[in-house]
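Participant: There's a structure below that I have some questions on.
The values are calculated or read from the model by the stated rules, or taken from the named source; none is laboratory data. What you see is a predicted model, and the numbers here were worked out from it, not measured in a lab. Positions of Cβ are backbone-derived with ideal geometry, glycine not excepted, and every protein chain shown enters the neighbour counts. The protein model used for the area step is the full one, side chains on, heavy atoms only, and it has no ligands, DNA or RNA in it. Shrake-Rupley method; radii C 1.70, N 1.55, O 1.52, S 1.80 Å.
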Amino acid sequence: MALIKTLRHSCATALAAGLLSACTVGPDYQPPAVASPEALKYDSGWQQLPAQAWAESGQWWRAFGDTALNTLVEEASDNNLTLAQAEARYRAALAQQQSSRSGYYPELGARISQSRNDASDAFVNERSSASLDISWEPDLWGRVRRQVEADNAALEGSAADLAAARLAIQVAVVNSYINLRALDLQHEILQQTLAASERSAQLTHNQYGAGIVSRADVIQAETQLQSQRSDLYDLQAQRAIEENTVAALLGRAPVNFSLEPAPLMPEVPAIPSQIPGQLIARRPDVVVAERAVASANASIGVAKAAWLPSFSISASGGVNGTVLDDLWNSPARFWSVGPSLAQTLFDGGRRRAAEDAAIARYDEQVAAYRQTVLDSLRDVENALATTAILKEKAVQQDRLVQLAEENERVIKNRYQSGLVSFLEVAVAQNTTLNARRTQVNVTANQLAAAAELAASIGGGWAVEGED
């Protein structure tokens, strides 16, 4: 009982001293100033919305209105192995944070030992002991608090890193799916053109047999036909590669995945009339960079605390005996309790170097954070500019396709009337084919730009009609 009372009194005294004199060394965290323009260069006519947390960005890919795409993105979010790695890193950060919090609490240990010492031929000394030991170092200078602060920031950064990895995978799936569907549509257009070229080649053969056209026209028609057949193989190879890319994103072996061809493109999302001007702050990579600054700032406090003396209180109690049975039958009890104060007087500059290194790492993270914000602003501006320009280009490309198709009809009629050579027909057909394929590419680029805009503001926009 005396031991327990003594331990209780000493611990209470130390706790009171700790509470009265505790302070936290090192600078308190203030987010660094970063570029924060009031307006964006290419957001003419758009209005700001309140900023929202990056974690609440929602299922932005549903804006494309494609159920197959929705299924693929959701499967990748569940099974992608890059995400599994990021999730494991988050669990490691969580464990580290829990480990640092253990510094707030006392440490309790138990020991039991037996020794035998032959002092001489006639005398053998045996000794057994068992004890409980408790030690506690009050966090007088805030070293533990700063370490917990650093690990909390690192944990939040790891969560944002996981979100960044998830967003990157989602964008990759969307882009690969868009490419697949564009290739399917390109294949469909080329098949239609190939059928028309076969009819033109047959017509040329017939006219050559009737002596209406020269052998050069036949060769020209056959050359064009063969070129288009060769192009089909290029599209097939590109599609196989893109399909395998999707399989890897889904966490599947390519042999276990296939996507049936469908010459239909997803809908180009309607860009909202309002776009948040402050959404940079919710981008996962920006959150990661900002949390790294907070963690580095707290680490300065940890380094500064090393200059201050450490205070601890420890207590030990147990029993001694000559043999193990004595510990339970007739033990000799012992106890000890007391505080200790330790201060490093000379370390050859180790603490100074550690503090300088912590400050340098903080400066590095501040610069990295500011650069990340600038990169984010650049990405948003690029996405906004590309979206606006491609919208106008799509209108002009549609008009070009109409003109090319009309020109092809006119040239074919002139050829059948014997007014022009087949070379002009081939040129007209190739012009139409290229215009239609470019039209597909413009649409694909619009879809990719929409996905890039979603990524550049940290997860897209709310889809109309969704909760």
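Participant: Quick one: net charge of Ala358's neighbours, Cβ under 14 Å, K/R +1, D/E -1?
Facilitator: +2
Participant: Also, quick follow-up: What does the accessible area per residue of the stretch 120-222 come to in Å², with a 1.4 Å probe and no ligands, DNA or RNA counted?
Facilitator: Accessible area per residue, the stretch 120-222: 43 Å².
Participant: Can you tell me the dipole magnitude for the stretch 193-273 around its Cα centre, using point charges on the Cβ only (Lys, Arg +1; Asp, Glu -1), in Debye to the nearest 20?
Facilitator: 120
Participant: Fully extended, how many nm does the chain gain between Glu424 and Gln396 (0.36 nm per residue separation, minus their Cα-Cα distance)?
Facilitator: So the extension gain works out to 7.7 nm.
Participant: R0 = 22 Å: FRET efficiency of Gln226 with Gln192, Cβ-based, nearest 0.05?
Facilitator: FRET efficiency, Gln226 to Gln192: 0.80.
Participant: Around Gln224, under 14 Å between beta carbons, what's the net of Lys plus Arg minus Asp minus Glu among the other residues?
Facilitator: -3
Participant: Moving to a separate point now. Under a 5 Å amide H to amide H cut-off, with H placed in plane at 1.01 Å, what residues pair with Val213 once short-range neighbours are removed?
Facilitator: Sorted by chain and number, the residues that satisfy this are Tyr208.
Participant: Can you give me the C-alpha center-to-center distance between the stretch 70-101 and the stretch 365-382, rounded to a whole angstrom?
Facilitator: The stretch 70-101 and the stretch 365-382 have Cα centres spaced 25 Å from each other.
Participant: Next question. Projecting each Cα onto the charge dipole of the stretch 360-440 (Lys/Arg +1, Asp/Glu -1 at the beta carbon, about the Cα centre), which of Ala388, Ala368, Gln402 comes out farthest on the positive side?
Facilitator: The one lying farthest along the dipole's positive direction is Gln402.
Participant: Assigning unit charges at the beta carbon (Lys, Arg +1; Asp, Glu -1) and nothing else, what dipole magnitude in debye, to the nearest 20, does the stretch 339-444 show about its Cα centre?
Facilitator: So the magnitude is around 280 debye.
Participant: Hey, another quick one. Quick check: residue separation of Leu94 and Ala210 times 0.36 nm, minus the Cα distance between them. What number comes out in nm?
Facilitator: Extra length from Leu94 to Ala210 when fully extended: 33.4 nm.
Participant: Another one. If each of Ile134 and Asn434 carries a label point 7 Å out from its Cα toward its Cβ, how far apart are those two points in nm?
Facilitator: 8.6
Participant: Now a separate question. Leaving out ligands, DNA and RNA, what percent of the accessible area of the stretch 344-467 is carbon and sulfur, probe 1.4 Å?
Facilitator: Of all accessible area on the stretch 344-467, carbon and sulfur atoms account for 51 percent.
Participant: If you don't mind, there's one more thing I want to ask. Can you give me the % of accessible surface on the stretch 78-230 that is carbon or sulfur? Probe 1.4 Å, all protein chains present, nothing else counted.
Facilitator: Carbon plus sulfur share of accessible area: 51 percent.
Participant: Right, here's the next one. What is the calculated FRET efficiency for Glu87 to Leu374, with r their C-beta to C-beta distance and R₀ = 41 Å, to the nearest 0.05?
Facilitator: Between Glu87 and Leu374 the formula returns 0.90.
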